Amino acid sequence: MFALRSQISRSTGRSVPRSLAPIQSAVPGFSALAAVGLVFVAVTALAVAYAVARDADARGSSVPTVWGVGSVAVWPVSLWYLLVYARRRQRTRPRDRGERAAATVALAGATAFVLAATAAPPDPVTQLVWAGALGPSLLVPGYVLVYRRGWRRIHGRR
């Protein structure tokens, strides 16, 4: 296999992979877990944009992409979409697998970020570590609630 080249970090004195060395030297306390959290932020943002855009398209919006991108760029847009716009219009088609999978990741990611923001210290790197650890573990409840439609079973709707 390939040997992982590393260098000694000036701030911690530990050996770190070369790919993370510039980030770690620029941000004190940055770790591989924070990198996982950063990747999870990007994946969650893409999942939210995709799920909202597909839902807006199924509800007959003329600009579903704007809803999707707007919900990630300005988060109150996604709250307004969920609380007001989505309740006003009925879906013209059921959710497909891709939309349910994106909604599952979006729910797990949003829940992980809220829990990390409330439970972790107010350090952004620590919150990334917590979100990166909580996010994948919350995919299982998200799968049951969203992908398997467990939310409808809880509320008695089919």
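Looking only at helices (runs of 4 or more DSSP H) that fall completely inside segment 95-143, which ones have 2 or more residues that are within 24 Å of Arg59 (Cα to Cα)?
Numbers: elements: 97-119, 124-137, 139-142.
Per the criteria, 97-119.
Can we say Ala106 is modelled with pLDDT of 80 or more, among the aliphatic types (A, V, I, L, M) and closer than 22 Å to Val146 by Cα? Can you show your working first?
Working: modelled with pLDDT of 80 or more: yes; among the aliphatic types (A, V, I, L, M): yes; closer than 22 Å to Val146 by Cα: yes.
It is true that Ala106 is modelled with pLDDT of 80 or more, among the aliphatic types (A, V, I, L, M) and closer than 22 Å to Val146 by Cα.
Among residues belonging to segment 49-66 that are not in a helix (DSSP H, G or I) and not charged (D, E, K, R), point out the one that is surrounded by the most Cβ atoms within 10 Å (Cβ to Cβ). Step through it out loud before you land on a result.
First, the residues of segment 49-66 that are not in a helix (DSSP H, G or I): 59-63.
Imposing the further condition that a residue be not charged (D, E, K, R) reduces the set to 60-63.
Numbers: Gly60: 11, Ser61: 18, Ser62: 7, Val63: 12.
Out of the qualifying residues, it is Ser61.
Yes or no: segment 5-23 includes at least one residue that is in a helix (DSSP H, G or I) and either buried (at least 20 other Cβ atoms within 10 Å of the Cβ) or modelled with pLDDT of 90 or more (or both). So that I can check it myself, show each step before the final result.
From segment 5-23, those in a helix (DSSP H, G or I) are 21-23; that's our starting set.
Still in the running and either buried (at least 20 other Cβ atoms within 10 Å of the Cβ) or modelled with pLDDT of 90 or more (or both): none.
Checked against the condition, which is being in a helix (DSSP H, G or I) and either buried (at least 20 other Cβ atoms within 10 Å of the Cβ) or modelled with pLDDT of 90 or more (or both), segment 5-23 yields no hits at all.
Does Val125 satisfy the criteria of being modelled with pLDDT under 90 and out of contact with any strand residue (DSSP E or B) (no Cβ under 6 Å at 6 or more places or on another chain)? Before the answer, list the steps.
On the way: modelled with pLDDT under 90: yes; out of contact with any strand residue (DSSP E or B) (no Cβ under 6 Å at 6 or more places or on another chain): yes.
Judged against the criteria, Val125 is a match.
If you go through segment 71-99 one residue at a time, how many are farther than 15 Å from Val146 by Cβ and without any contact (Cβ under 8 Å) to a residue 12 or more places away in the chain?
So the count comes out to 11.
Report yes if some residue within segment 80-93 is at pLDDT 85 or above and surrounded by 16 or more Cβ atoms within 10 Å (Cβ to Cβ); otherwise report no.
No: zero hits.
Is it the case that segment 130-144 has a residue that's of a type in the set (A, V, I, L, M, F, W, C) and loosely packed, with under 13 Cβ neighbours inside 10 Å? Full working, then the answer.
Of the residues in segment 130-144, the ones of a type in the set (A, V, I, L, M, F, W, C) are 130-131, 133-134, 138-140, 144.
Filter again for loosely packed, with under 13 Cβ neighbours inside 10 Å, leaving 140.
Yes: one or more hits.
The values are calculated or read from the model by the stated rules, or taken from the named source; none is laboratory data. Owing to the predicted nature of the structure, the values given are computational and were not obtained by experimental measurement. Note: ideal-geometry Cβ built from the backbone for every residue, glycine included; neighbour counts use all protein chains shown.
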